[in-house]
Amino acid sequence: MSLLVVGLSHRSAPVSVLERAALTADAQAKLLQDTLATEPAAEAAVLATCNRIELYADVDKFHAGVAELSTLLARHAGAGLEELTPYLYVHYEDRAVHHLFSVACGLDSMVVGEGQILGQIKDALARSQELHTAGRLLNDLFQSALRVGKRAHSETGIDRAGQSLVSFGLEQLAENAPPGDGAADAPSGSGTSVEDWAKGKRALVIGAGSMSSLAAATLARAGVAEIAVANRTRSRAERLVEILGQPGGTGVAARALPIGEATDELPRADIVVSCTGATGLVLPAQAIEEATAGRAARPLALLDLAMPRDIDAAAHRLDHVHLVDIESLAAASADAPMAADVERVQHIVAQEVDAFGAAQRAAHITPTVVALRTMAADVVAAETARLHGRLPGLGEREFAEITQTVRRVVDKLLHAPTVRVKQLASEPGGAGYADALRTLFDLDPQTVAAVSRADASSTDDPNRGRS
């Protein structure tokens, strides 16, 4: 295994750099294709969220792989390599596995323990499978990461610390609401609940993707009076409105509108949540200022979950406007969650990294073992054919018994060494046993390679690993 990851996240880079490095879906697909076209990489996957962009690859050369992946990441992000380099991190082999498993468990998230990252990892795997850039290693890695993340959430209390960015952002708005904008008797900063703060307000949700849909559902459950959904594709906004109004649902009054009418809706709104894939600002500061003119009694709460940002950062300076964005969420999430739960998750990650490494090392020797048994079978076939030629009078029954006996002898001789070599190969440094086996039995390297290719082709099904 030669797994390499190059990336940057909220832990390594400021929001301004993350904004520059944000990739559209089309850019991610092109990055994957270009990565596979380079000499060092045999497989590739991109994990892109609102606060991280990471490129995973199976490479045959470490230094060349780091240089190539870093260059490609910068090129597709539209940034200079010298601009990104101070913020890039690199993980290799077991450390790369440890990193992804930690990410899947929410340990590396802005809000520690949040579960949305599992959906984003699943999307990254699906994209690589659809583009045929994920082979055996990355299929196994990302599917294992999903399983490890689910295990961490089911076996520990990390969920008590973890929230989605939507919930965390709304809590920040509620907790810091000015007097009169939340519970009747709650002073500013006293920890007003989202339900008390949001009840009866009008909300505008810009975007209709997974994050925006979650925001709309959360606001509806919190008791807002109405929700307007603005999206570039009107049909998607209408679909979200339909879901919100389904029988047995939230029962909130909801309506859809084109994204071009979002600024016209601002004067009516009390809460705005925006998360689109736009490359430019959706809500400029001037439009916000005009919409809030003369509404001191009705402050406007803005939650920007997009990367790059949808809402002009200059809105921070406007009167009667409270803006929470990725940058302020990063600052607010500095408080550590329950240490015991984090420690238990870290222990699970360490266990799973060891198990994954052992499985990969054991799989590495399988083609050699198969090639050895194939060679042994060929020898048996050749020798029994020669015996049949030398003893033409031998009956079929006797010949079949002799053939079966020779096969059993060969199987028994090979059984213990092949079982033992698989056990040894699963240990750290065990890759050398495959080389020893090939040398001792003078196995044809092309035969071993053919087994490896045939085995790898069985993992190319784009539906493999789908839920």
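The values are calculated or read from the model by the stated rules, or taken from the named source; none is laboratory data. Computed from a prediction, not measured in an experiment: that's the story for all the values here. FYI the Cβ positions are ideal-geometry reconstructions off the backbone, even for glycines, and counts take in every protein chain you see. In case anyone asks, the SASA skips ligands and DNA or RNA and just uses the protein heavy atoms, side chains included. Shrake-Rupley method; radii C 1.70, N 1.55, O 1.52, S 1.80 Å.
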Let me spell it out: the conditions are (1) touching a residue at least 60 places away in the same chain (Cβ under 8 Å); (2) in contact with a Ser or Thr (Cβ under 9 Å, 6 or more places away or on another chain); (3) not charged (D, E, K, R), and residue 318 meets all of them except one. Which number is the exception?
(1)
Restricting to segment 99-122, give me the number of residues that are part of a helix (DSSP H, G or I) and touching a strand residue (DSSP E or B) at 6+ places or on another chain (Cβ under 9 Å).
7
Wholly inside segment 1-88, helices (runs of 4 or more DSSP H) that include 2 or more residues that are open to solvent by 10 Å² or more (accessible area, probe 1.4 Å) and either modelled with pLDDT of 95 or more or polar (S, T, N, Q) (or both) are 25-36, 62-77
Kindly establish whether residue 266 is in a strand (DSSP E or B), touching an Asp or Glu at 6+ places or on another chain (Cβ under 9 Å) and open to solvent by less than 30 Å² (accessible area, probe 1.4 Å).
no
If you go through segment 137-146 one residue at a time, do you hit one that is of a type in the set (S, T, N, Q), closer than 27 Å to residue 341 by Cα and in a helix (DSSP H, G or I)?
yes
Return yes or no: is residue 242 free of Cβ contacts under 8 Å to residues at least 24 places away in the same chain, open to solvent by 80 Å² or more (accessible area, probe 1.4 Å) and either over 20 Å from residue 200 (Cα atoms) or more than 31 Å from the chain's Cα centre (by Cα) (or both)?
yes
Out of segment 30-60, which residues are more than 28 Å from residue 331 (Cβ to Cβ) and either without any contact (Cβ under 8 Å) to a residue 24 or more places away in the chain or touching a Gly at 6+ places or on another chain (Cβ under 8 Å) (or both)?
37, 40, 41, 42, 43, 57, 58, 59
Could you pull out every one of the helices (runs of 4 or more DSSP H) wholly within segment 285-397 that has 1 or more residues that are open to solvent by 20 Å² or more (accessible area, probe 1.4 Å) and of a type in the set (Lys, Arg)?
339-390
Starting from segment 162-173, take each residue that is open to solvent by 30 Å² or more (accessible area, probe 1.4 Å) and list its partners that are modelled with pLDDT of 85 or more and of a type in the set (D, E, K, R), counting only C-beta distances under 8 angstrom and pairs at least six apart or across chains.
163/171
Since residue 339 meets every condition but one in (1) within 14 Å of residue 107 (Cβ to Cβ); (2) modelled with pLDDT of 85 or more; (3) among the hydrophobic types (A, V, I, L, M, F, W, C), which condition does it not meet?
(2)
Can you tell me which residue within segment 22-43, out of those that are out of contact with any Asp or Glu (no Cβ under 8 Å at 6 or more places or on another chain) and among the charged types (D, E, K, R), is farthest from residue 209 (Cα to Cα)?
34
Taking residue 100 and the conditions (1) of a type outside the set (Lys, Arg); (2) at pLDDT 95 or above; (3) open to solvent by 30 Å² or more (accessible area, probe 1.4 Å), which numbered condition does it fall short on, given that it satisfies the others?
(3)
List the residue pairs whose Cβ atoms are under 7 Å apart, where the first residue sits in segment 363-380 and is within 20 Å of residue 425 (Cα to Cα), the second is small (Gly, Ala, Ser) and not in a helix (DSSP H, G or I), and the two are 6 or more positions apart or on different chains.
364/431
Taking segment 105-135 on its own, how many of its residues are closer than 20 Å to residue 363 by Cβ and modelled with pLDDT under 90?
0
